[in-house]
1. Looking at B:103, B:84, B:89 in this structure, which one is surrounded by fewer than 17 Cβ atoms within 10 Å (Cβ to Cβ), touching a strand residue (DSSP E or B) at 6+ places or on another chain (Cβ under 9 Å) and among the aliphatic types (A, V, I, L, M)?
2. Does residue B:221 satisfy the condition of being at pLDDT 95 or above and surrounded by fewer than 19 Cβ atoms within 10 Å (Cβ to Cβ)?
3. Give the residues of the stretch B:88-124 that are in contact with a His (Cβ under 9 Å, 6 or more places away or on another chain) and in a loop (DSSP other than H, G, I, E, B), sorted by residue number.
4. Can you tell me which of B:203, B:233, B:192, B:216 is within 23 Å of residue B:50 (Cβ to Cβ) and open to solvent by less than 20 Å² (accessible area, probe 1.4 Å)?
5. I'm checking my understanding of the structure. Among residues of the stretch A:27-40 that are over 16 Å from residue A:4 (Cα atoms) and at pLDDT 90 or above, which one is surrounded by the most Cβ atoms within 10 Å (Cβ to Cβ)?
6. From the list B:31, B:37, B:49, which one is part of a strand (DSSP E or B) and hydrophobic (A, V, I, L, M, F, W, C)?
7. Scan the stretch B:51-68 for residues that are open to solvent by 20 Å² or more (accessible area, probe 1.4 Å) and either within 14 Å of residue B:124 (Cβ to Cβ) or in contact (Cβ under 8 Å) with a residue 60 or more places away in the chain (or both) and jot them down.
8. Consider residue B:185 carefully, then state whether it is under 21 Å from residue B:248 (Cα atoms), of a type in the set (Asp, Glu) and within 14 Å of chain A (Cβ to nearest Cβ).
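The values are calculated or read from the model by the stated rules, or taken from the named source; none is laboratory data. A quick note: this is a predicted structure, and the numbers were derived from the prediction, not measured. Ideal geometry is used to build each Cβ from the backbone, glycine not excepted, and the neighbour counts take in all protein chains shown. Accessible surface is based on the protein model in full, side chains and every heavy atom, while ligands, DNA and RNA are left aside. Shrake-Rupley method; radii C 1.70, N 1.55, O 1.52, S 1.80 Å.
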Amino acid sequence: MNVRLIAFGIAKDIIGSNKTVVEIDPPYKLTQFREYLFLNYPEFKKLQKISFAVDQDYQLDSYVLSENQEVVIIPPVSGG
Amino acid sequence: MAQTTFSKEELERYSRHLIIPEFNIEGQRKLKEARVLVVGSGGLGSPLLLYLTAAGVGHIGIVDFDVVDESNLQRQVLFGVENVGMPKVDAAKKRLESLNPHVEFETYNTMLTSDNALEIMKGYDLVADGTDNFPTRYLVNDACVILGIPNVYASIFRFDGQVSVFNYTDKEGVVGPNYRDLFPEPPPPGLVPSCAEGGVIGVLPGIIGSLQANEVIKVITGIGNPLVGRLFVFDALNFDTRTLNLNKNKNLKPITELIDYQQFCGIKPAEEKQEEVPVKEVSVQELHQLISDGEQYQLIDVREPYEYEISQINGELIPLSSVLEKANLISKDKKVIIHCRSGKRSADAIRLLQDTLGYNNLYNLKGGILAYAKEIDQSLATY
């Protein structure tokens, strides 16, 4: 199943793009999505603390994704 | 309490506010009666302080322990060349008093810590967080939660910014999400660069800090819908924005006291944790002596190519991320001196080469190119 990935901040640098489509395996929970990111972009594994919004709503790891949803990676940002 | 009144000069100054129907003199009165604390008077603090002062917030507190540096002027529009070397709070107060004499300022030339935060922050109606590090962000957030005041948050990195209004209590008494609902725990130290490490485009804090100032004004005056329970994210490079809906995370422990935030963010090791293994070092004076004596040695620079462009001391450029794959270029039989900007990355490179490939001839240039520029060659640009 495909979902649309949108990245901000340092997540953009890790992925190398601000938008991409990714294919994930069942059972399509955000946990699987996180695993997909850790596997394909090991830098995320080091970062650990990334949050997600699905179709603009902040969601926790147990959330189940559906086809073609937009997943935004919200990275921690500290600068001022 | 007697009703707040305005002088003729103030009425003229704020006239463009007073003629907005939903703002009017009531909004202006609320601004004048408000006490706002701005933590950090840097990139975000500059537009925040300028606009809040111009708008007529009655009492503004400013917390910053830093002094104005040449490299601040690219984005910290509150300061000028004449302020370089001055404490930021003093330079800010001087500039802001000339902008609006009807505002009272209180400055705190200190680092906000768990020991002084509640004392400094109590008595303010609202805090605007323009700090530049994770420990202070968690500290400001937790102190706002304990004191029950809103935390108008913004942060920036390179081309990206975030804004939200945390810990806001609405008219029904419902308290909105706070920073920990978004990021329950900080990232490991060193992985998310600050502006000093990762850079920031100069106009970005102008954009994001202005949005933050607008939220402060909305929260004080009660007009419109503040950015509560929502996080605005902005990518200036692609002009991509999202306004993401946030919720209270019910799994989190309630915040009841301040903790050691340096330790929480992994910056100060927990007591039982071992310090990093020390590496052999040479001082910049020793390196300079080696060069003058024409001694045999190899100098390796583990910074990035764009840093090398700013200034360099004739080292061979092998960025930290590629030292292992390019280790064949690093001698094993003569003295090898490794340097970076401050000496931290070069120490990491030495530990990596020693642990993985058994090097024993590596020396870290203490203080890096910054020390070299300070002690030996003042013509080198520092950054």
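1. Numbers: B:103 fails: surrounded by fewer than 17 Cβ atoms within 10 Å (Cβ to Cβ); B:89 fails: surrounded by fewer than 17 Cβ atoms within 10 Å (Cβ to Cβ).
After applying the criteria, what remains is B:84.
2. Numbers: at pLDDT 95 or above: yes; surrounded by fewer than 19 Cβ atoms within 10 Å (Cβ to Cβ): no.
No; evaluated as a whole, the condition is false for this residue.
3. B:103, B:124
4. Values: B:203 fails: open to solvent by less than 20 Å² (accessible area, probe 1.4 Å); B:233 fails: within 23 Å of residue B:50 (Cβ to Cβ); B:192 fails: within 23 Å of residue B:50 (Cβ to Cβ).
Residue meeting the stated conditions: B:216.
5. Per the criteria, the residue is A:38.
6. Numbers: B:31 fails: part of a strand (DSSP E or B); B:49 fails: part of a strand (DSSP E or B).
Selected residue: B:37, the only one of B:31, B:37, B:49 that is part of a strand (DSSP E or B) and hydrophobic (A, V, I, L, M, F, W, C).
7. B:51
8. On the way: under 21 Å from residue B:248 (Cα atoms): yes; of a type in the set (Asp, Glu): yes; within 14 Å of chain A (Cβ to nearest Cβ): yes.
Here the answer is yes, as residue B:185 does meet what is asked.
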